[in-house]
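The values are calculated or read from the model by the stated rules, or taken from the named source; none is laboratory data. All values derive from a computational prediction rather than experimental measurement. Neighbour counts run over all protein chains shown; Cβ positions are idealised from the backbone, glycine included.
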Amino acid sequence: MMKNTPNQDCFHGGVYSINPGLVQLDFSSNVNPLGISKALLHQLYRQLNILCTTYPDPSCRELKNTILDYLGIGLDPSWLIIGNGATELIHIFTHTFIRRKVVISAPTFCEYELSARRVGATIKFVPLKNWKPDTEKILKESNEGCDAVFLCNPNNPTGILSTASARQIIENIDPNVKIFIDECFVELVDGGDKENSMIEMVSDYKNLVILRSMTKSFSLAGIRLGYCVCNPNLIDRMLDNKISWNVNGVAQKLGMMVLKDTSYLEKSKRLIRNERNFMINELKKTMKFSPMPSDVNFFLVEVSDQSSIEVRNHLLSNKGILVRDCSTFTGMGLRHIRIAVKKHIDNAILMNAIKSMDP
């Protein structure tokens, strides 16, 4: 039986999830390995004075128009809400619409669970079936006093796309039940977001909310920037729970800049695909570490003989390398770590460190 995480917070990766002084290489955070170009940073630097001394636009109007141009789906700004990272929007959504019960396909990102607990909702976890959403059980549970269903596509921590399952749920669920689909990694998948995103369905389904994060796709983890796309009636209700100036001026400007670099994501996906294949092939040569398939910039590794906590602690204390122990994900045990894809020189260091643990 699935259980909630043991406290009122949820666990994340990153250097601050552990003693940051120990971490030399962080593979626990799933951020685009390409990083931000120096040219963009130079452009931003020249505007910092005015950005830091002027209140930002509380409605993010320029950023919204840039996002809509980037998405190319023919909607107007009333279909968007911008957040201080995707996490803020998860909590705004939950605070706005959830009172009774939520259905969560698990294991998955813990903020859905945390946000639901904070409003006192009942949480029904539906375990993944062959690492994909169990659509039949999700639809069944959603018919029993449910306010919303949370799905993550591609899912975190598995890295697996389930586009067909998501479409099936959208098309068959009670229209009174909100469907919140987290697409924070969809822009980095091999096939691309056009083939796998549900954004174009928001015009036809008034209960559908799509979440995107610029943290992951555009390497803005420290900036905090995300957005939701959904029916304007839902947006209006969510705006009632948004604080003024929730997105700072630097985040708004940098968000507009990165969206206009049309070649960035293609370069990123080529790097991710090549490096993920390299890492998976190297891990297949080991006895204790079994990599799992993935569609995006991170993947699970099943470990044997040691627990995921022991593997994480060994790599950290002996090599200064941090991987994600997955035992803190609801529904997962002690047999999986999650590894982010980075640049080749770093990936090779991790592979050598892991091989040194193999007999």
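Numbers below:
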read-out: Residues satisfying the stated conditions in region 301-353, i.e. in contact with a Ser or Thr (Cβ under 7 Å, 6 or more places away or on another chain) and part of a helix (DSSP H, G or I); value: Ser308, Ile309, Cys326, Ser327, Thr328
read-out: Among the residues listed as Leu128, Leu114, Leu68, the single one being assigned by TED's automatic domain parsing to the domain that holds Pro232, of a type in the set (A, V, I, L, M, F, W, C) and without any contact (Cβ under 8 Å) to a residue 24 or more places away in the chain; value: Leu68
read-out: Test for Glu195: is it outside the structural domain of Val341 (by TED's automatic domain parsing), at pLDDT below 95 and either more than 17 Å from Ala86 (Cα to Cα) or β-branched (Val, Ile, Thr) (or both); value: yes
read-out: Matching residues in region 244-296 - criterion: being small (Gly, Ala, Ser) and either assigned to a helix (DSSP H, G or I) or on the phi > 0 side of the Ramachandran plot (or both); value: Gly249, Ala251, Gly255, Ser268
read-out: Whichever residue in region 272-299 is over 17 Å from Asp26 (Cβ atoms), under 19 Å from the mean Cα position of the chain (by Cα) and of a type in the set (A, V, I, L, M, F, W, C) and, among such residues, is surrounded by the most Cβ atoms within 10 Å (Cβ to Cβ); value: Val296
read-out: Only one of Ile67, Ile98, Ile73 that is at negative phi and at pLDDT below 95; value: Ile73
read-out: Qualifying position, being more than 18 Å from the chain's Cα centre (by Cα) and within 23 Å of Ile235 (Cβ to Cβ), among Ala166, Ala148, Ala116; value: Ala148
read-out: So Gln47, is it surrounded by 13 or more Cβ atoms within 10 Å (Cβ to Cβ) and either of a type in the set (Lys, Arg) or more than 24 Å from the chain's Cα centre (by Cα) (or both); value: yes
